[in-house]
Amino acid sequence: MREESVSRRYAAALFNQAKAAGTLKQTSADLAHVAEALVGNAALARMIGHPLATVSRKKMVLDAAFSKAISPATLGFLSLLADKRRTGLLADAKTEFDALLRAHNNVVSASAITAVPLSAAQLAALEKALEARTGKDIELTTSVDPSLMGGILVRIGDTVLDGTVKGKLDRLREQLLTKK
């Protein structure tokens, strides 16, 4: 079984438990705290992910590091990962949990690439237009790529909306080449 689907299963189980308990926000914050701690402490991350470290040692370290900082339910999740020798899936499980939480809250991530930076008013108008198009709240990230020449390229999940000058020129070129 692929690790992606395994981490998705663990995340879904944690999500369903947190949803039933009404602690989705707290669990998300707990996972963010754990992820931040692992990024900030390489020795802790190495120990937790080390294949030769015993399960009891990993659980003891997790308990010592997080028992006062996160909820018992999230600590139980970390303990379960240690029991199943799946602590290496923690980052992927957090990503999957966050995706489930966004879907539950009717939020979708979108990225917009423009040739020049957008003003605050343009950003607000773009978010509003994307929310109207998708029927969901939008988490928008933006970047600038001068090679686009003008316009905007928006990615929402698997959907790409290409309104760039470069994209229009590329499509026109393809049309002209196929009509020969």
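The values are calculated or read from the model by the stated rules, or taken from the named source; none is laboratory data. Note that this is a predicted model, so its numbers are computed, not measured. Here Cβ is always computed from backbone atoms with ideal geometry, including for glycine, and neighbour counts include all displayed protein chains. Surface accessibility is based on the protein's heavy atoms, side chains included, excluding ligands, DNA and RNA. Shrake-Rupley method; radii C 1.70, N 1.55, O 1.52, S 1.80 Å.
Residues E127, E139, E131: which one is in contact with a helix residue (DSSP H, G or I) (Cβ under 9 Å, 6 or more places away or on another chain), among the charged types (D, E, K, R) and at negative phi? Can you show your working first?
Numbers: E127 fails: in contact with a helix residue (DSSP H, G or I) (Cβ under 9 Å, 6 or more places away or on another chain); E131 fails: in contact with a helix residue (DSSP H, G or I) (Cβ under 9 Å, 6 or more places away or on another chain).
Selected residue: E139, the only one of E127, E139, E131 that is in contact with a helix residue (DSSP H, G or I) (Cβ under 9 Å, 6 or more places away or on another chain), among the charged types (D, E, K, R) and at negative phi.
Out of (1) part of a strand (DSSP E or B); (2) of a type outside the set (G, A, S); (3) modelled with pLDDT under 95, the odd one out for V116 is which?
V116 satisfies all of (1) part of a strand (DSSP E or B); (2) of a type outside the set (G, A, S); (3) modelled with pLDDT under 95 except (1).
Condition check ((1) in contact with a strand residue (DSSP E or B) (Cβ under 8 Å, 6 or more places away or on another chain); (2) under 27 Å from A11 (Cβ atoms)) across all residues:
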{"residue": "S67", "(1), (2)": "no, yes"}
{"residue": "K84", "(1), (2)": "no, yes"}
{"residue": "T87", "(1), (2)": "no, yes"}
{"residue": "E131", "(1), (2)": "yes, yes"}
{"residue": "G135", "(1), (2)": "no, yes"}
{"residue": "G151", "(1), (2)": "yes, no"}
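Out of V107, V55, V39, report the one residue that is open to solvent by 50 Å² or more (accessible area, probe 1.4 Å) and among the β-branched types (V, I, T).
Values: V107 fails: open to solvent by 50 Å² or more (accessible area, probe 1.4 Å); V55 fails: open to solvent by 50 Å² or more (accessible area, probe 1.4 Å).
Answer to the selection: V39.
Here's a check for you: in the range 1-36, which residue that is of a type in the set (D, E, K, R) and either surrounded by 16 or more Cβ atoms within 10 Å (Cβ to Cβ) or under 11 Å from T74 (Cα atoms) (or both) is nearest to the chain's Cα centre (by Cα)? Write out each step before concluding.
First, the residues of the range 1-36 that are of a type in the set (D, E, K, R): 2-4, 8-9, 19, 25, 30, 36.
The next check asks that each one be either surrounded by 16 or more Cβ atoms within 10 Å (Cβ to Cβ) or under 11 Å from T74 (Cα atoms) (or both); those that pass are 8, 30.
Working: R8: 12, D30: 15 Å.
The residue in question is R8.
Taking into account only those residues within the range 46-60 that are of a type in the set (A, V, I, L, M) and in contact with a helix residue (DSSP H, G or I) (Cβ under 8 Å, 6 or more places away or on another chain), which is modelled with the highest pLDDT? Before you say what the answer is, go through the steps one by one.
Just the residues of the range 46-60 that are of a type in the set (A, V, I, L, M), to begin with: 47-48, 52-53, 55, 60.
From the residues that got through so far, the ones that are in contact with a helix residue (DSSP H, G or I) (Cβ under 8 Å, 6 or more places away or on another chain) too are 47-48, 53, 55.
Details: M47: 91, I48: 90, A53: 89, V55: 94.
Step by step, filter the range 46-60, then rank; the result is V55.
So G150 passes all but one of these: (1) open to solvent by 80 Å² or more (accessible area, probe 1.4 Å); (2) assigned to a loop (DSSP other than H, G, I, E, B); (3) farther than 28 Å from E36 by Cα. Which condition number does it fail?
(1)
Could you please give the count of residues in the range 87-99 that are crowded, with 20+ Cβ neighbours inside 10 Å, touching a residue at least 60 places away in the same chain (Cβ under 8 Å) and of a type outside the set (K, R)?
Keep residues of the range 87-99 that are crowded, with 20+ Cβ neighbours inside 10 Å, which gives 87, 89-90, 93-94, 96-97.
After this cut, where a residue has to be touching a residue at least 60 places away in the same chain (Cβ under 8 Å) as well, the list is 89, 93-94, 96-97.
Pick out the ones that are also of a type outside the set (K, R) and you get 89, 93, 96-97.
Matching residues across the range 87-99 total 4.
In the range 153-180, which residue that is part of a loop (DSSP other than H, G, I, E, B) and farther than 28 Å from N106 by Cβ is farthest from the chain's Cα centre (by Cα)?
Pass one, the range 153-180, residues part of a loop (DSSP other than H, G, I, E, B): 157-158, 163-164, 179-180.
Next, only the ones that are farther than 28 Å from N106 by Cβ stay: 164, 179-180.
Working: T164: 26, K179: 43, K180: 45 Å.
Restricting to residues being part of a loop (DSSP other than H, G, I, E, B) and farther than 28 Å from N106 by Cβ, the top hit is K180.
Residue under question is L101, and the condition is that it be part of a helix (DSSP H, G or I), touching a helix residue (DSSP H, G or I) at 6+ places or on another chain (Cβ under 6 Å) and over 30 Å from S56 (Cβ atoms); does it hold?
The answer is yes for L101.
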